[in-house]
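The values are calculated or read from the model by the stated rules, or taken from the named source; none is laboratory data. Note that this is a predicted model, so its numbers are computed, not measured. We place every Cβ from the backbone using ideal geometry, glycine too, and count neighbours over all the protein chains shown. Ligands, DNA and RNA are stripped out before the accessible areas are found, and what is left, the full protein with its side chains, is counted by its heavy atoms. Shrake-Rupley method; radii C 1.70, N 1.55, O 1.52, S 1.80 Å.
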Amino acid sequence: QGNEGVTPMNQPGPIATSADWDPANTIQDRSALAAYTVHFKFDSAVVQDSEQANITSVAAALTADPSVKLLIEGNCDERGTEEYNRALGERRALALREALAKVGIDPARIRTISYGKDKPVDTDHDEAAFAKNRRGDFVLCHPK
């Protein structure tokens, strides 16, 4: 146990938290939970009450199949430095893991990663695009 797979914040690349399983060794289903993406306010990692239904839906999917695990990807809009956005994306992913733990999901089944501003879903440079890019994505991970 150490910092394998963890990129220091001052270097490019995603930040991954340590866990006892590796998402790379799973079959990743990006579409299964795509409808439950959680969005965040500007410069915030607080999960809004309005996003609770998405948390509940993700928890239900995990409860229905104990063999699956979850990768949570934290994302930011383009504003802010690379380093700041990596850290904010990680705080967002961890906040989602905590929200799932509060509704009974074992955090050991969840791995988090931050992509900062590297994976925008909308490449426009306006508030509507920024709002779409401030998000946490859920990737269902099936055993191979």
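Residues in segment 43-58 carry Karplus couplings, in order, of 6, 9, 10, 8, 7, 6, 4, 5, 9, 4, 4, 5, 4, 4, 5, 5 Hz; the curve used is 6.51 cos²θ - 1.76 cosθ + 1.60 with θ = phi - 60°, and Gly or Pro positions show x. Carbon-plus-sulfur accessible fraction, the chain (probe radius 1.4 Å, protein heavy atoms only): 53%.
3J(HN,Hα) couplings calculated from phi for segment 135-144 with the Karplus curve 6.51 cos²θ - 1.76 cosθ + 1.60 (θ = phi - 60°) are, in sequence order, 8, x, 9, 10, 10, 6, 10, 8, x, 6 Hz; Gly and Pro show x.
For segment 24-144, with only Lys/Arg (+1) and Asp/Glu (-1) charged at the beta-carbon, what is the dipole magnitude about the Cα centre, in debye rounded to 20?
Numbers: 17 positive and 19 negative charges, 94 e Å.
So the magnitude is around 460 debye.
Its DSSP H runs of at least 4 residues, each contributing -39,500 (n - 2.57), put the calculated 222 nm mean residue ellipticity of the chain at -9000 deg cm²/dmol, to the nearest 500.
Once the Cβ-Cβ distance of residue 46 and residue 67 is raised to the sixth power relative to R0 = 30 Å, the FRET efficiency obtained is 0.45.
Its alpha carbons considered, segment 71-132 gives a radius of gyration followed by a Dmax of 12.8, 38 Å.
Solvent exposure of the chain, expressed per residue, is 51 Å² of accessible area, with all protein chains present and a 1.4 angstrom probe.
Beta-bridge orientation, the chain: approximately 70 percent antiparallel, per DSSP, counting only bridges with both partners inside. Computed on protein heavy atoms with a 1.4 Å probe, the accessible areas place 121, 68, 103 in the order 121, 103, 68, largest first. Inter-part distance, segment 107-126 to segment 37-83, computed on C-alpha centroids, equals 9 Å. Free of any GluC sites (Glu not before Pro) that DSSP assigns to a loop and that have at most 16 other C-beta atoms within 10 Å, the longest stretch within the chain is 5-77. Lys-Lys pairs in segment 17-144 that are eight or more residues apart or on separate chains and whose Cα atoms lie under 15 Å of each other come to 5.
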